[in-house]
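J.: Could you have a look at this structure, given as structure tokens, before my questions?
The values are calculated or read from the model by the stated rules, or taken from the named source; none is laboratory data. The model shown is predicted, which means the values in this text are computed figures rather than measured ones. Cβ atoms come from the backbone with ideal geometry, glycine included; neighbour counts cover every protein chain shown. Accessible surface is based on the protein model in full, side chains and every heavy atom, while ligands, DNA and RNA are left aside. Shrake-Rupley method; radii C 1.70, N 1.55, O 1.52, S 1.80 Å.
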Amino acid sequence: YITVSGGHRVGVTGEAVVVNGRVKNLKNISCINIRVGRQVKGCAKKVLPWIIDQETKTVKHTLLISPPKCGKTTLLTDIIRQLSCGIPELSFPGVNVGVVDERSELAGCYLGVPQKDIGPRSDILDRCPKAEGMYMLVRAMSPQVIATDEIGRPEDVAAVQEVLNAGIKLITSVHGSGVTDI
């Protein structure tokens, strides 16, 4: 896929050009899929009291679980924005959020510029593999929260452990229909 202005993504299929066992390019394009990026500001309002510890005004580790196409990424984007901006109705001042946006869905970066409002205290690693990005944020950006979408690979688990060992809160999503499924 490619990300275009506005944070929209265009997926492409066709004949794979394989070099040394890895796909390096596509030729003879057969299909395209246009995914319109949109932001639903305020959609996280009802879940934020469950994410913010009311006594300490800190963020709780959060795992969003649902099947594909149910709004996890939309919800996560709004959680990031509100944590970064602050939430006056919860007396929450806002925190530094490190975002690993492997597929340009959370911030919808185009030419390095977020096309979605993810708040003034959010640092984005766009098109960066999740595990590597989490390590990079821990070492370089001093985030209070790290957010990423759709974890699931073994290397993601090791990176999550690194985040937790560093005392950083994690907010992420995973495909599944419930806790027992994941």
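J.: Tally time: how many residues in the range 46-66 are open to solvent by 60 Å² or more (accessible area, probe 1.4 Å), on the phi < 0 side of the Ramachandran plot, in contact (Cβ under 8 Å) with a residue 24 or more places away in the chain and in a loop (DSSP other than H, G, I, E, B)?
T.: Of the residues in that region, 3 qualify.
J.: From the list ALA107, ALA140, ALA131, ALA158, pick out the single residue that is among the aliphatic types (A, V, I, L, M), surrounded by 14 or more Cβ atoms within 10 Å (Cβ to Cβ) and more than 11 Å from the chain's Cα centre (by Cα).
T.: Criteria check complete, one pass: ALA131.
J.: Hey, another quick one. What residue, of VAL113, VAL97, is surrounded by fewer than 17 Cβ atoms within 10 Å (Cβ to Cβ) and within 16 Å of the chain's Cα centre (by Cα)?
T.: After ruling out the rest, the residue left standing is VAL113.
J.: Follow-up. Against the condition of a type in the set (A, V, I, L, M, F, W, C) and at negative phi, how does LEU26 come out, does it pass?
T.: Yes: the conditions hold for LEU26.
J.: So which residues in the range 1-45 are closer than 30 Å to GLN144 by Cα, at pLDDT 95 or above and open to solvent by 100 Å² or more (accessible area, probe 1.4 Å), if there are any at all?
T.: Within the range 1-45, LYS41, LYS45 meet the criteria.
J.: Within the bounds of the range 38-52, is there any residue that is in contact with a His (Cβ under 8 Å, 6 or more places away or on another chain), farther than 18 Å from PRO143 by Cβ and small (Gly, Ala, Ser)?
T.: Scanning the range 38-52, I find no residue that is in contact with a His (Cβ under 8 Å, 6 or more places away or on another chain), farther than 18 Å from PRO143 by Cβ and small (Gly, Ala, Ser), so the answer is no.
J.: May I ask you to list the residues in the range 3-33 that are part of a strand (DSSP E or B), free of Cβ contacts under 8 Å to residues at least 12 places away in the same chain and not β-branched (Val, Ile, Thr)?
T.: Once the filter is applied, which keeps residues that are part of a strand (DSSP E or B), free of Cβ contacts under 8 Å to residues at least 12 places away in the same chain and not β-branched (Val, Ile, Thr), the range 3-33 yields ALA16, ARG22, LYS24, ASN25.
J.: While we're here: When you check ASP53 against the structure, is it within 17 Å of the chain's Cα centre (by Cα), under 24 Å from VAL160 (Cβ atoms) and not polar (S, T, N, Q), yes or no?
T.: No: the conditions fail for ASP53.
J.: crowded, with 21+ Cβ neighbours inside 10 Å and part of a helix (DSSP H, G or I): is that true of THR73 in this structure?
T.: Considered against the rule, which asks whether it is crowded, with 21+ Cβ neighbours inside 10 Å and part of a helix (DSSP H, G or I), THR73 comes out as no.
J.: On to the next question. Give me the pairs, please: first residue somewhere in the range 168-182 and more than 18 Å from LYS69 (Cβ to Cβ), second residue anywhere and assigned to a strand (DSSP E or B) and of a type in the set (Ser, Thr, Tyr), beta-carbon distance under 7 Å, and either six or more positions apart or on two chains.
T.: As it stands, the answer is ILE171/THR62, since those pairs meet every condition given.
J.: Something else about it: ARG139: touching a residue at least 24 places away in the same chain (Cβ under 8 Å) and not aliphatic (A, V, I, L, M), yes or no?
T.: Judged against the criteria, ARG139 is not a match.
J.: Give the residue, chosen from VAL160, VAL145, that is at pLDDT 95 or above, touching a Leu at 6+ places or on another chain (Cβ under 8 Å) and farther than 18 Å from ASP78 by Cα.
T.: None of the other options fit; the residue is VAL160.
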